[in-house]
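The values are calculated or read from the model by the stated rules, or taken from the named source; none is laboratory data. Small disclaimer: the values here were computed from a predicted structure and weren't measured. Cβ atoms come from the backbone with ideal geometry, glycine included; neighbour counts cover every protein chain shown.
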Amino acid sequence: MEIIVPIRQVPDVALNIRVNEGKVVEDGVSFVISSWDETAIEGALQMTEELGGEVTLLGIGPERVSEALRKGLAMGAHKAIHVLYEEGQTDSFGYAKIMAKVMEGRNYDLILTGKQAQDTDAGLTASMLAEFLDLPQVTNIIRFSDLAVDGMTLYRKGDHGTEVIGIKLPAVVTVNDSLNEPRLASMRGIMMAKKKPMETLSPSDLGMGAEELGLQGSMTEVLKFEKPESRKEGERFEGDETETVPMAIQKLVSEAKLAV
Amino acid sequence: MNDLSNQTEDFSDIRDAVRSLCQGYPGEYWREKDRKREYPTEFVQALTDSGFLAVLIPEIYGGSELGIQEAAAILEEIHKSGCNGAACHAQMYIMGTLLRHGSEEQKQKYLPGIASGELRLQAFGVTEPGSGTDTTSIRTFAKREGDEYVVNGQKVWTSRAEHSDLMLLLARTTPKDEVTKRTDGLSVFLVDLRKSLNHGVTIRPISTMINHATTEVFIDDLRIPAEQRIGEEGKGFRYILDGMNAERILIGAECIGDSRWFIQKASEYAKDRTVFQRPIGQNQGIQFPIAKAYAQSEAADLMVRKAASLFDSGKPCGKEANMAKLLAADASWEAADVCLQTHGGFGFAEEYDIERKFRETRLYRIAPVSTNLILSYLAEHVLGLPRSF
Ligand SMILES: Cc1cc2nc3c(=O)[nH]c(=O)nc-3n(C[C@H](O)[C@H](O)[C@H](O)COP(=O)(O)OP(=O)(O)OC[C@H]3O[C@@H](n4cnc5c(N)ncnc54)[C@H](O)[C@@H]3O)c2cc1C
């Protein structure tokens, strides 16, 4: 089974993200693979371990994206495609367009990716890609079974339960992070990743001109970023609860205007 | 935080992988181990399984044949993540003596097992009750009897001996008063602790202010086959010296990791904690010590990197390795103190992990070599000042 896994590199949210004049400050930020995409890599590896075939990663963006791709290769993916591109501002539509171009003429049975990106939370790219490629799509899967090269059963998480869906391949599928626990890259994996093939393409290699890229190739524009207001420190009432509980209620009524 | 790590090769792939692994071992894990004085078996196993402890071993013996620079990146990242590499860092480098000075037969016999983690070689018996800083005065004596050596003596502070299958042992083979140079007449042996425990070797744990699995090792008529000696008899001191440079650089890297952890914690807390209606970090009295600790640890990091790159290119690095360890241990201690001070009373609460890291990082101004001894080495051997002892 040939699987392509588009991955996105995002700022590490475990670290402090700074915003300056409406823009995220990149200097000194470390970047990681968006966590849902890591789940997708793991899922793809499990599928190829069962059925054979290869996992190809696809990353779009500046030079640093190659680090995310190497990390995915260190986890066990077989090869990678890097569309090297100082993206400026690009929205989901813009990325899906580039991805669709990359897929042209390639052989794949499945495109597996995260249900959304960790930084934008948009969750649109995969659906748009399916549309451009005219492929069936299933989103937010938490399990798969009956794996075969021409189809499988997917368990999709909905609001009120799980949908069990059969699909024919090729298809675009997005994953929920409860699908699996992504494996850690081992030292051996890291060493092997250095020797695995990474194909680097520019947008012009894909026949794309400036009008299809960045803001021009996007349908929406992010005007600015704002950091959430930092939460005020809470108040702690210490002592006997027969005294502290009424004190807390009193405060809730007088300051938070809670009706009792 | 903007750091200087991009100056030389940064090994971001290795750092990322180590950081991801460390996320599975958060503060609670280390607090619990600390409270119970338990060995962090799960953490060590995870590092072993991922191959991080075998980076310095050549590929033909099953390792990844990387350099001290990569090993330093691994240990720095472990410490920067709030974890502690001391439980297993020696598995990385003690084998260096075997690798550089052992026979091909010895290497074939032991290195593959050490690379896979099946064999743990992470105990190094040098220090004795009567000689810590003054290594050449050790009294443990190995007397040759036919194909064997009979060893008697006592070691102290032999860390991880209870969690090690093999121990590298430094012993005298010629009495000090019979050699011309006091560094002569010492030999190194690879002791199989699995066979010798309670057959000549008794290990007693020492309880300390940190969770470090350190021990006393009593050696009574221990019989070691002569083939367990590494290299030539009497040249052991020279053999362990190059290993010591590796150790100093790696401990330096751990201290840099600690510094970064402390400085990040201190900065975050200084931004959050409000006193007199403003964040304490708005006061320069709080800012400056943190900024200074940051500058010191970045400077120390440069020396660690310099020493590591000299080591990897096979050039002499005694001076740099010693300075790296000196500056990094001072920087991490400074950062620890600033971090604790910034946290006020809360720094004493176990749940912040600061008091634990504070205790842990303090070790490195004493072990594996004390700050004073490094200063004396620099003064006498680098600056040519008169010898003091
Ligand atoms: C937790 C822990 C783990 C350890 N693990 C190991 C291990 O695995 N293997 C091992 O072999 N050892 C280990 N050690 C031992 C460590 O290397 C020694 O403690 C260290 O070398 C100092 O020796 P000492 O404790 O005997 O101090 P001493 O030699 O007694 O020195 C005491 C103090 O006096 C200072 N001093 C001594 N002479 C001079 C001088 N001429 N001028 C100025 N100052 C001087 C020293 O710097 C030191 O501060 C460990 C120690 C600890 C605490």
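Remarks
- Some residue of the stretch A:78-88 being touching a Pro at 6+ places or on another chain (Cβ under 9 Å) and free of Cβ contacts under 8 Å to residues at least 40 places away in the same chain: yes
- Look at (1) assigned to a helix (DSSP H, G or I); (2) in contact with a Leu (Cβ under 9 Å, 6 or more places away or on another chain) and you find that A:LEU58 fails only one, number (1).
- Note on the stretch A:1-41: enclosed strands (runs of 3 or more DSSP E) holding 2 or more residues that are touching a Gly at 6+ places or on another chain (Cβ under 8 Å) are A:3-7.
- Odd one out for B:VAL275, checked against (1) without any contact (Cβ under 8 Å) to a residue 24 or more places away in the chain; (2) β-branched (Val, Ile, Thr); (3) within 23 Å of B:ASN322 (Cβ to Cβ): (3)
- Any pair with Cβ under 7 angstrom, 6 or more apart, that starts in the stretch B:188-210 at a residue that is basic (Lys, Arg) and ends at one that is part of a loop (DSSP other than H, G, I, E, B): B:ARG194/B:ASP165
Conditions tested, residue by residue: (1) hydrophobic (A, V, I, L, M, F, W, C); (2) exposed (fewer than 15 other Cβ atoms within 10 Å of the Cβ).
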position: B:GLY153; (1), (2): no, no
position: B:SER196; (1), (2): no, no
position: B:GLY200; (1), (2): no, no
position: B:ARG204; (1), (2): no, yes
position: B:SER207; (1), (2): no, yes
position: B:VAL217; (1), (2): yes, no
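- Looking across B:VAL156, B:VAL179, one residue alone is more than 14 Å from chain A (Cβ to nearest Cβ) and more than 12 Å from the ligand (Cβ to nearest atom). It is B:VAL179.
- As a summary of the residue check, A:GLY52 satisfies the conditions (1) at pLDDT 95 or above; (2) surrounded by 17 or more Cβ atoms within 10 Å (Cβ to Cβ); (3) away from chain B (no Cβ under 13 Å) except for the one numbered (2).
- Scanning the stretch B:122-150 for residues being away from the ligand (no atom under 12 Å from the Cβ) and buried (at least 24 other Cβ atoms within 10 Å of the Cβ) gives a total of 1.
- Tally, over the stretch B:7-40, of residues that are exposed (fewer than 15 other Cβ atoms within 10 Å of the Cβ), within 13 Å of chain A (Cβ to nearest Cβ) and either outside any loop (DSSP other than H, G, I, E, B) or of a type in the set (Gly, Ala, Ser) (or both): 2
- Listing of helices (runs of 4 or more DSSP H) fully contained in the stretch B:270-364 that carry 1 or more residues being within 14 Å of another protein chain (Cβ to nearest Cβ): B:284-312
- Residue match in the stretch A:130-150 (condition: under 22 Å from A:GLY52 (Cβ atoms) and under 14 Å from the mean Cα position of the chain (by Cα)): yes
- Of all residues in the stretch B:41-68, those satisfying the criterion of being more than 9 Å from every other protein chain (Cβ to nearest Cβ) and either surrounded by fewer than 21 Cβ atoms within 10 Å (Cβ to Cβ) or not in a helix (DSSP H, G or I) (or both) are B:THR41, B:GLU42, B:VAL44, B:GLN45, B:THR48, B:LEU56, B:ILE57, B:PRO58, B:ILE60, B:TYR61, B:GLY62, B:GLY67.
- Out of A:GLY239, A:GLY214, one residue alone is surrounded by 11 or more Cβ atoms within 10 Å (Cβ to Cβ), on the phi > 0 side of the Ramachandran plot and either more than 14 Å from chain B (Cβ to nearest Cβ) or not in a strand (DSSP E or B) (or both). It is A:GLY214.
- Only one of the listed residues (B:SER376, B:SER297, B:SER332, B:SER309) is among the small types (Gly, Ala, Ser), farther than 19 Å from B:GLY27 by Cβ and within 16 Å of the ligand (Cβ to nearest atom). That residue is B:SER376.
- Test result for B:LEU119, away from every other protein chain (no Cβ under 14 Å), touching an Asp or Glu at 6+ places or on another chain (Cβ under 8 Å) and surrounded by fewer than 23 Cβ atoms within 10 Å (Cβ to Cβ): yes
- In the stretch A:15-41, the residues that are among the acidic types (Asp, Glu) and within 12 Å of another protein chain (Cβ to nearest Cβ): A:GLU26, A:ASP27, A:GLU38
- Screening B:LEU119 on (1) more than 16 Å from the ligand (Cβ to nearest atom); (2) at pLDDT below 95 shows it passes everything except condition (2).
- Only one of the numbered conditions (1) over 18 Å from A:ALA185 (Cα atoms); (2) more than 13 Å from every other protein chain (Cβ to nearest Cβ) is violated by B:ILE78, and that is (1).
- Close pairs from the stretch A:35-55: first over 23 Å from A:GLN118 (Cβ atoms), partner crowded, with 21+ Cβ neighbours inside 10 Å and among the β-branched types (Val, Ile, Thr), Cβ under 8 Å, at least 6 apart: A:THR48/A:ILE3; A:THR48/A:VAL55; A:GLY53/A:ILE3; A:GLU54/A:ILE3
- Taking the criterion of being within 30 Å of A:ARG143 (Cβ to Cβ), out of contact with any Asp or Glu (no Cβ under 9 Å at 6 or more places or on another chain) and surrounded by fewer than 24 Cβ atoms within 10 Å (Cβ to Cβ), the residues of the stretch A:1-42 that qualify are A:ASP12, A:ALA14.
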